[in-house]
Amino acid sequence: MTATFPENWSTALVLVAHPDDPEYGMAAAVARWTSQGKRVVYALASSGEEGIAGMPAEECGPLREGEQIASAAVVGVDEVEFWGFPDSELFNTPELRAKVAETVNRVRPDVVLSLYGGPEWAPGFPNQRDHMQFAAAVVEAFDGLEAPPRALLCNGPNATHAVDVEGFTDTAIRALECHRVYLEVLDPDTPVIDQATAQIERSTGPMDGFDAARTSGFELLRGTV
Ligand SMILES: [Zn+2]
């Protein structure tokens, strides 16, 4: 049974590895929460500067930061920070864990939302190394906090809590569309709007044991939400 993600909190901190990481599975939930007046802050370890084939990192990083800032604005997030760790070379280092801790202590969120850190999303669908290393750093940093927030959850396949995002998927599609250059290069044969629509429809399907047509799922890793 998947529980309803409680909404009696006011600030969430979304911690991810790269631009576009919040968009696939979390943006619809974020749109719902900001529509309720909640504060959501995005922090990204890297600027995704290695993410566009054929584009030099010094051009790609600023472009992807711009796409991420535009995308966040669509779902009501106007606090977006980039930590400058190297894309494709993210590791669970003391420096990364220290940055996680510093950010949590500065933003003082009620809940922290992170990436899924398991090896596979499903049989045959491996997770990315950057994501696994980043997710491990977040959990370890969270465990070392003197005054941890209420809860740490990740957006992944083993959801314990779900958000009803019916009515917010169109906004999530518009948010993902902001990663236009990235998506155009990733799949030049499919229009960006079609890519974005398919991705959001796939990531917000119904969930067993939770009565909503559109959902966003989170796994509780630490604390109680
Ligand atoms: Zn990523």
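Throughout, read-outs are computed from the coordinates displayed, never taken from laboratory work. Here the structure is a predicted model, which is why all the values come from computation and not from measurement. Ideal geometry is used to build each Cβ from the backbone, glycine not excepted, and the neighbour counts take in all protein chains shown.
Brief remarks follow.
- Springs between Cα atoms under 10 Å define the GNM used for the chain, and in it the highest mean-square fluctuation of 114, 88, 47 occurs at 88.
- Overall form of the chain per C-alpha gyration tensor (a/c, 1.5; a/b vs b/c): rounded
- Each of 214, 106 has some number of other Cβ atoms within 10 Å of its Cβ, and from fewest to most they run 106, 214.
- Charged neighbours of residue 33, selected by a Cβ distance under 13 Å, balance to 0 (K, R count +1; D, E count -1).
- Whether the range 77-188 is rounded, prolate or oblate, judged on the alpha carbon gyration tensor where a/c under 1.5 counts as rounded: rounded
- The peptide list 92-98, 10-16, 54-60, 73-79, put in order of mean Cβ contacts within 10 Å with the highest first, becomes 10-16, 73-79, 92-98, 54-60.
- Look at the alpha carbon pairs under 8 Å that are at least 6 residues apart: their mean separation over the length of the chain gives a relative contact order of 28 percent.
- Most mobile of 112, 163, 80 in a GNM of the chain (Cα contacts under 10 Å): 80
- Calculated mean residue ellipticity at 222 nm for the chain: -12000 deg cm²/dmol, from DSSP H runs with n ≥ 4 weighted as -39500 (n - 2.57), summed, divided by the residue count and rounded to 500.
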